[in-house]
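Notes for the one structure printed next.
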Amino acid sequence: MIPWAVLLTAAWVAFLLFEQRSLRRARESVPVRIMVTGTRGKSSLVRILTAGARVAEPATWGKITGDVPTLLLPGGDEVIRRRAGARLAEQGWLLRKCRRGGVRCLVVEAMTITPELMKAEARLLLPSVIALVNVRDDHQETLGDDPVLQRRAYLDSLPAQSRVVTRDSALVALLPRVEDARTPAAAEPDDALASLAPVQRELVLLADEVLAALGWSSAAALEAMVAAARPMEGRPRRVAWQQGEAVLLDAFSANDTESLAALWEGWRAALGAERRWSVVLATRADRPLRTRRFCTWIAGRDDVEAVYVTGSHRHAARALLRRSGVKVHDIHGARASLALLAGPVAAPPDMACPVLVGMGNARGLGLALRAKEAGEVA
């Protein structure tokens, strides 16, 4: 008689072999797999790439993890409803779903942070091309605070045979097999591309080089990507604020101070504002080092008038800011304090009404405001 332990072990091994075969068949059913990884701009790049790839291959799906996990389907977006937190198994589920849907090209955002899981995710997807947006000083809780080691963690996670494209010169210097996309395959852009904001223009240029690596770069694809990028530009929005009205600049998803600084300086140059702005700092208790970096950045500026803190790490943020002499207010429950009104504003050069810059984290207040903008919240 065979012991139960042996039977259970055999059954488990058989299940694992079946799962491995099923996953391999699902992956091979999608001939073109583009993985987007890095620190900042991944979700935006997935949307841009998906729009461009569909010009060459209509059966293209995209998936963003970002602030709201979403499938980008030809017929429209579909939010992924999770019963628990993000798990790597979701990528396997996605590949199987693509096989059932007859998908020929998949543009997928990497969803892991720890080095071991990043390697496992890359092995699971085995991408045809990897778009590496950038590696910025974020996720110190996981990757440490050494910029070189942070970049190494991303580069070391990529399969040796993969084709990697980036516009980040620091990454090219660390790993010669990474392709430098700062000289795009397509001719440097037309007026439409040149008119994009710098952040979106960089993403479109990177996307164009990724398509070139697949032989899919074209004027039509470039036009589609420019159209997809244009709505991503951070435009001022009107909000109800303290019995009046203010202008909100949404940088909630710029979760590192380098990205935030680029947005901040770009907005100040575009709006021509000479006076100081206020900040709405959204915090997370599971990102304490991020809170500290943002507080240090704010304290070192002379163009910040006041800071309003919210989120689960607001008490620590308030203490850090006050020790630095920054005027700070607690707006716990700020969903009732900020109400998005209809339509963008063409802000006058003098920016007569107060200016609020939302930063830190999108979770919570940032997503609530975006939902109001989309008409999802009454």
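The values are calculated or read from the model by the stated rules, or taken from the named source; none is laboratory data. Small disclaimer: the values here were computed from a predicted structure and weren't measured. Heads up, the Cβs are rebuilt from the backbone with ideal geometry, glycines too, and the neighbour counts pull from every protein chain shown.
Applying a threshold of 9 Å to beta carbon distances and a minimum spacing of six or more residues, or different chains, the list of pairs starting in the range 45-69 at a residue that is touching a residue at least 24 places away in the same chain (Cβ under 8 Å) and on the phi > 0 side of the Ramachandran plot and ending at one that is charged (D, E, K, R) and surrounded by 19 or more Cβ atoms within 10 Å (Cβ to Cβ) reads G66/K42; G66/E109.
For every residue, the table says whether it meets (1) among the hydrophobic types (A, V, I, L, M, F, W, C); (2) in a strand (DSSP E or B); (3) modelled with pLDDT of 95 or more.
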{"position": "G52", "(1), (2), (3)": "no, no, yes"}
{"position": "D77", "(1), (2), (3)": "no, yes, no"}
{"position": "R81", "(1), (2), (3)": "no, no, no"}
{"position": "Q91", "(1), (2), (3)": "no, no, no"}
{"position": "K97", "(1), (2), (3)": "no, no, no"}
{"position": "M111", "(1), (2), (3)": "yes, no, no"}
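Scanning the range 210-247 for residues that are crowded, with 20+ Cβ neighbours inside 10 Å and free of Cβ contacts under 8 Å to residues at least 12 places away in the same chain turns up nothing. Among the residues of the range 147-161, which ones are at pLDDT below 85 and either within 30 Å of R235 (Cβ to Cβ) or not in a helix (DSSP H, G or I) (or both)? Matches in the range 147-161: A160, Q161. The number of residues in the range 295-334 being at pLDDT below 85 and either closer than 16 Å to R276 by Cβ or touching a Lys or Arg at 6+ places or on another chain (Cβ under 9 Å) (or both) comes to 3.
Put simply, of V36, V46, V30, V107 the only residue that is within 16 Å of V129 (Cβ to Cβ), part of a loop (DSSP other than H, G, I, E, B) and at pLDDT 90 or above is V30. In the range 191-229, the qualifying residues are those that are of a type in the set (D, E, K, R) and modelled with pLDDT of 90 or more, and the one that is farthest from L271 (Cα to Cα) is E209. Apart from one condition, A207 fits all of (1) buried (at least 19 other Cβ atoms within 10 Å of the Cβ); (2) without any contact (Cβ under 8 Å) to a residue 40 or more places away in the chain; the exception is (2). Residues that are closer than 15 Å to V199 by Cα and at pLDDT 80 or above within the range 230-248 comprise R230, P231, M232, listed in sequence order. Here T291 fulfils each of the conditions (1) part of a helix (DSSP H, G or I); (2) surrounded by fewer than 15 Cβ atoms within 10 Å (Cβ to Cβ); (3) not acidic (D, E) apart from (2).
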